[in-house]
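Engineer: Attaching a single structure in structure tokens format; questions to follow.
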Amino acid sequence: MRQKTEIKILAVLVVLMIGLALLAGCAKKIVGNQEIGVRFEVPTDGIISAKLLATIDRFEVTVEGEGIPERIIEPLALENGFVTGEIEVPSGPRRLFTLKAIGLRGETIYLGISIVDVFAGRTIVVDIPLVPMLPILSITPHYQEAEMGNLFTLDFVLHNVKNIAYISFDIDVLTDGIYTNGPFGSLPISSTPGRDIDTNLTTFGYAWGDFGLYAWVNSRNEVDDFTNPTGTTHLGSLTFSSYADWHDTIASSVFNTNVTWVNSSIQDTTMTADKVFSDQAEVFLWYSPGGGL
């Protein structure tokens, strides 16, 4: 009888020990998957122009990593030039954050990726550099300031465009109370050394108000690709001047790109002008008595 009692007590102890072990394991699992608040502060000013922002329907972030059975997908907000928001993420190393700027048709226009260790005890703020994912003729910087009468420069870059032999585009300019003159020189190709390139730039009017430029770039034999193999081609930099005007102490010029025609090279016949997104830049001009040219 005594032996049976000892066996029962031993069995109860074993069950209790197993239960305690399971609880300990669960406790470790819960601590290892503690939810941590992660904030996002991703700038868009200077990266995405106001014109391209208007084509974006929403921003969303996905999170993946070990111990996350299903990837997390959460929306983020655009506020004061930043993509912002806070989400809860299970703690752990090497969390993969993917930020997408999604267009009105569901296409990914900009994308950014960052890998971050997420642990308790510190503030987690994620800044993810955004890069364009669709064909864009960008004009940068998207915003700059210059004194009236002085020079300013704009860069023109093709993103995600390859295998073309010819491109033409307009640069439409709306000026506010200021004469803007330019540009100086032609549109050089700076990223395709050794290639036989022909360029042309025509000013079709500049005055108080609106004016425009027409430009084209092509390979001289009309069939060879002139773009950079990486898909990012710096078409050139244009320098403009603005006349000092004492009637206005501040003014602005807004520049818009618009691709009018594309000829694909013999390697590819799929690229057309309507597939290339246009871009916008603003130059804020201020007047200083006695300053400028």
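The values are calculated or read from the model by the stated rules, or taken from the named source; none is laboratory data. Quick caveat, the model's predicted, so the values are computed rather than measured. Cβ sites come from the backbone with ideal geometry, for glycine too, and all protein chains shown count toward neighbours.
Engineer: Out of ALA244, ALA207, ALA273, which single residue is assigned by TED's automatic domain parsing to the domain that holds LEU151 and either of a type in the set (D, E, K, R) or modelled with pLDDT of 80 or more (or both)?
Structural biologist: ALA273
Engineer: Residue check, GLY112 against (1) of a type outside the set (Phe, Trp, Tyr); (2) at pLDDT below 95; (3) closer than 30 Å to PHE284 by Cα, all met but one. Which one?
Structural biologist: Among (1) of a type outside the set (Phe, Trp, Tyr); (2) at pLDDT below 95; (3) closer than 30 Å to PHE284 by Cα, the lone unmet condition for GLY112 is (2).
Engineer: So, in segment 103-117, of the ones that are more than 30 Å from SER91 (Cβ to Cβ) and either in contact with a helix residue (DSSP H, G or I) (Cβ under 9 Å, 6 or more places away or on another chain) or of a type outside the set (A, V, I, L, M, F, W, C) (or both), which residue ends up surrounded by the most Cβ atoms within 10 Å (Cβ to Cβ)?
Structural biologist: Going through the qualifying residues, I end up with ILE109.
Engineer: Just checking, does segment 87-95 include any residue being crowded, with 17+ Cβ neighbours inside 10 Å and under 24 Å from TYR143 (Cβ atoms)?
Structural biologist: no
Engineer: While we're on this one: What's the number of the only condition in (1) among the aliphatic types (A, V, I, L, M); (2) surrounded by fewer than 16 Cβ atoms within 10 Å (Cβ to Cβ); (3) assigned to a strand (DSSP E or B) that ALA120 fails to meet?
Structural biologist: (3)
Engineer: Contact list please: Cβ distance under 7 Å, first residue in segment 255-281 and of a type in the set (Asp, Glu) and assigned to a loop (DSSP other than H, G, I, E, B), second residue modelled with pLDDT of 90 or more and surrounded by fewer than 16 Cβ atoms within 10 Å (Cβ to Cβ), pairs at least six apart or on different chains.
Structural biologist: Note: no pairs meet the criteria.
Engineer: Determine which single condition GLU35 fails, assuming it passes every other condition in (1) in contact with a Phe, Trp or Tyr (Cβ under 6 Å, 6 or more places away or on another chain); (2) surrounded by fewer than 18 Cβ atoms within 10 Å (Cβ to Cβ).
Structural biologist: (1)
Engineer: Taking segment 50-91 only, how many residues are part of a strand (DSSP E or B) and either of a type in the set (A, V, I, L, M, F, W, C) or in contact with a helix residue (DSSP H, G or I) (Cβ under 7 Å, 6 or more places away or on another chain) (or both)?
Structural biologist: The total comes to 13.
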